[in-house]
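Values quoted throughout were computed directly from the atomic coordinates according to the rules given, and no laboratory measurement underlies them. Values in this document were obtained by computation on a predicted structure and should not be read as measured data. We place every Cβ from the backbone using ideal geometry, glycine too, and count neighbours over all the protein chains shown.
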Amino acid sequence: MDSPRRTRRLLHSVLSVLTLALVTTALAGGGGPAPASAATMSETAAAAAVTTFSDEFDGSAGSAVNGSKWQIETGDNVNNHERQYYTAGNSNAALDGQGHLVITARKENPNNYQCWYGTCQYTSARLNTSGKFTQTYGHVEARMKIPRGQGMWPAFWMLGDDIGQVGWPNSGEIDIMENVGFEPSTVHGTLHGPGYSGSAGIGAGYTLANGQAFADDFHTFAIDWAPNSVTWSVDGNVYQHRTPADTGGNTWAFNKPFFLILNLAVGGYWPGDPDGNTTFPQQLVVDHVRVTTSDTQQPETGGRITGLAGKCVDVAAASSANGTPVQLYDCNGTNAQKWSVNADGTIRALGKCLDVASGGTADGTVVQLWDCNGSAAQRWAVSGARDIVNPQADKCLDVVGNSSANGARLQIWTCTGAANQKWTVNS
């Protein structure tokens, strides 16, 4: 749970993995000028994903977690200056009898636990799958409702299984979700490795709209992980994609087995300590943790991407020919409006990729459909603010002329926050 602002060390990793489903979006299908060839899936679809790890937390109220899947860590953590003592058994981690794991942080010390700062003030729990489950690549997700309050620090993350041999950060760490209590509407996803650890970790945040708090409801936090690629999503909305190009020439530490970690910390360098407004107990409620296979593309079933006036991103005339315009059009449920946002940063429909014409970076460069070729012109990032950004150009997907008319062409343009640059993926 090393995150962008604190020193991290790995005691034991605790993480919840969720079934990572590729974010899909739909674009409206319409009648543009491109040749009308039949839409076929030219890309080879991956075999159906196989579930390799799943915990739905079914069991009687008060039961401890399944010991064949999780081990429970105990003790304190001086490295992050956290305040809690992690307890064994079901004292702070127990099933609720309704299909949830509840990790509870309490302001208490029933057994005179001693921490790095003296007598411990809080108890909580941390679980990991080390020695019980590891995986290389796939979809990892957890559906959870996080706690609230200053000093709370829930996390769902992963550590390289070779940590005992190479140490941290050489082992690599993938933070799927971290939240610090003073940011109730924002979660963070981060990579830590040699040369980019602790406060220098590589990451980004995802913020809910309209001041909503993550503690108000359950949300699904996931990564899609493939060779040289990690993509983060919240509730199916992709907000970050990382590759070795992001490590500044340092070693990419993520092409090997990792194990999962789930924990609820109290206090520490990053979140700060609880204050007079923090109430206890606080709970991290986990509905499920799932991991599936697949280091290749998932089948492109796709979903809608909607924008201005509620219209869809659409491939003109449903043509899969290279150079076919991508436009805005009334949503109609056709394959020309079914888009998948993929772990490699591509956005695909009809077996081809959303592409910036000629790899351009200038305002007004139109976008089109083109054979997927791995170029930067076909890389996109979906932000929590609902922007779809081409990182090479550092520009947003935009509707030409701010027009909501059927057939309005899409382009890239300097990000302004205007309505013609706002998109809802998987709508």
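Among Gln378, Asn332, Tyr269, which residue has its Cα furthest toward the positive end of the charge dipole of segment 257-390, with +1 on Lys/Arg Cβ and -1 on Asp/Glu Cβ? So the residue furthest toward the plus end is Asn332. Along the chain, the longest continuous region that contains none of the chymotrypsin sites (Phe, Trp or Tyr not before Pro) in a DSSP loop with at most 13 other C-beta atoms within 10 Å is 118-427. Would you please state which residues of segment 172-193 a label at Gln165 would reach in this model, taking the label point 7 Å out along Cα→Cβ and a backbone N cut-off of under 17 Å? Within reach of a label on Gln165: 172-173.
Summary value for segment 51-292: 29 percent relative contact order, contacts being C-alpha pairs under 8 angstrom separated by 6+ residues.
Say the cut-off is 21 Å between C-alpha atoms; which of Lys311/Lys422; Lys256/Lys338; Lys132/Lys256 go over it? Correct reply: Lys256/Lys338. With both labels modelled 7 Å from their Cα along Cα-to-Cβ, the Asn109 to Ala200 distance reads 3.6 nm. Here's the picture: a label point sits 7 Å out from the Cα of Asn277 along the beta-carbon direction, and within segment 197-215 the residues with their amide nitrogen under 18 Å of it are 211-215.
With unit charges on the beta carbon (Lys/Arg positive, Asp/Glu negative), name the residue among Val425, Gly401, Gly195 whose Cα is farthest towards the positive pole of the charge dipole of the chain. Going by the charge dipole, the pick is Gly401.
Please label the shape of the chain as rounded, prolate or oblate, based on the square roots a ≥ b ≥ c of the eigenvalues of the alpha-carbon gyration tensor (a/c under 1.5 means rounded; beyond that, a/b larger than b/c means prolate, else oblate). Let's see the in-between values first.
Values: a/c = 2.11, a/b = 2.02, b/c = 1.04.
Verdict is prolate for the chain.
The spacing between segment 154-178 and segment 245-276, judged by their C-alpha centroids, is 7 Å.
Efficiency by 1/(1 + (r/R0)^6): what FRET value for Trp116 and Thr414, r their Cβ-Cβ distance, R0 = 30 Å, to the nearest 0.05?
Values: r = 49 Å, r/R0 = 1.63.
After rounding, the FRET efficiency stands at 0.05.
What's the extension gain from Glu56 to Asn228 if we count 0.36 nm per residue and subtract their Cα-Cα distance? Spell out each step's value before the answer.
Numbers: separation 172, 0.36 × 172 = 61.92 nm, distance 2.97 nm.
Value of the extension gain: 58.9 nm.
Please report how far the C-alpha centroid of segment 192-229 lies from that of segment 59-103, rounded to the nearest whole angstrom. For segment 192-229 versus segment 59-103, the Cα centre distance is 23 Å.
Looking at the chain, what % of its DSSP beta bridges pair antiparallel, to the nearest 5? Intermediate results must be reported in sequence, preceding the final value.
Numbers: 106 of 111 bridges.
Beta bridges within the chain, antiparallel portion: roughly 95 percent.
Applying 0.36 nm per residue to the separation of Asn373 and Asn90 and subtracting their alpha-carbon distance, the gain on full extension is 96.8 nm. Our summary gives the chain a relative contact order of 26 percent, counting only alpha carbon pairs under 8 angstrom and 6 or more residues apart. Placing +1 on the Cβ of every Lys and Arg and -1 on the Cβ of every Asp and Glu, with no other charges, gives the chain a dipole of roughly 200 debye about its Cα centre.
Give me Rg over Rh for segment 163-265, both radii from the alpha carbons and Rh done the Kirkwood way, two decimal places.
Details: Rg = 14.1 Å, Rh = 14.5 Å.
Over the Cα atoms of segment 163-265, Rg/Rh equals 0.97.
Label positions at Thr251 and Ala64, each projected 7 Å from the Cα along the C-beta direction, are separated by 3.6 nm.
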